[in-house]
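Engineer: Take this structure first; my questions come after.
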Amino acid sequence: MNLKEAAAREAALKTLLDTVKDAYEDARKETRAALEVAAQETGVRQVAVALPDGPDIATVSLASGEVAAKIVDEEAFTAWVLANYGTEIERKFTTTVRAAFTDRLLKQMTAAGAAEYADPETGVIHEVPGITIAPARARTHSVRFKKDGRQQVMQAWREGRLTAAVLPELTAGGAE
């Protein structure tokens, strides 16, 4: 293959890759929205996926997101630590809380699901300012293929069975 042919092949594949990527992102958003509605309305959190006139090839499942404690007001958090746990303060040109202490507090507050710290020595429960419990990882969904699911998709593509049902916007020739 000469340079012109290699470059033409790359340009064509890049165009297809970009188009498929955009269509994939749109399909992923649509699937996620449908899964959210199904989970809320009926409790369904997963669905089997089949090819047109074919066997099941995959399962699409809604995954739970995670929440975690995080510092939203560094100044308020540092002032609280200074007032209650002065030994955990590192004095430099600025006042900061020791990273290990911050990590320990955030892990404990994440586990408790509240911006509160229970002092293990005194039993005092502190409401910790500057901390919130917030989403740390967005809820998402996953596609898990059956053993030969990907091969079945490729075979259906080669045979033209995906065109009408799965990929209509890719085969419309750019028509809007």
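The values are calculated or read from the model by the stated rules, or taken from the named source; none is laboratory data. All values derive from a computational prediction rather than experimental measurement. No Cβ is skipped: glycine too gets one built from the backbone with ideal geometry, and neighbour counts run over all protein chains shown.
Engineer: Out of all the residues in region 117-139, is one or more modelled with pLDDT of 90 or more and of a type in the set (Phe, Trp, Tyr)?
Structural biologist: Yes; the residues of region 117-139 include at least one that is modelled with pLDDT of 90 or more and of a type in the set (Phe, Trp, Tyr).
Engineer: Search region 135-147 for residues being exposed (fewer than 13 other Cβ atoms within 10 Å of the Cβ) and in contact (Cβ under 8 Å) with a residue 12 or more places away in the chain, and hand back the single one that is farthest from ILE71 (Cα to Cα).
Structural biologist: Step one: of region 135-147, the residues exposed (fewer than 13 other Cβ atoms within 10 Å of the Cβ) are 135-138, 142, 144, 147.
Among the residues that remain, those that are also in contact (Cβ under 8 Å) with a residue 12 or more places away in the chain are: 135-138, 142, 144.
Numbers: PRO135: 13, ALA136: 12, ARG137: 16, ALA138: 18, SER142: 30, ARG144: 35 Å.
Among those that are exposed (fewer than 13 other Cβ atoms within 10 Å of the Cβ) and in contact (Cβ under 8 Å) with a residue 12 or more places away in the chain, it is ARG144.
Engineer: In addition: Scanning region 64-103 for residues that are of a type in the set (Lys, Arg) and exposed (fewer than 15 other Cβ atoms within 10 Å of the Cβ), which turns out modelled with the lowest pLDDT?
Structural biologist: Step one: filter region 64-103 for residues of a type in the set (Lys, Arg), giving 70, 91-92, 98.
Keeping just the survivors that are exposed (fewer than 15 other Cβ atoms within 10 Å of the Cβ) gives 91-92, 98.
Working: ARG91: 82, LYS92: 78, ARG98: 91.
Per the criteria, the residue is LYS92.
Engineer: Looking only at region 52-63, filter to residues that are modelled with pLDDT of 90 or more and of a type outside the set (Val, Ile, Thr); which one of those is nearest to TRP157 (Cα to Cα)?
Structural biologist: ALA58
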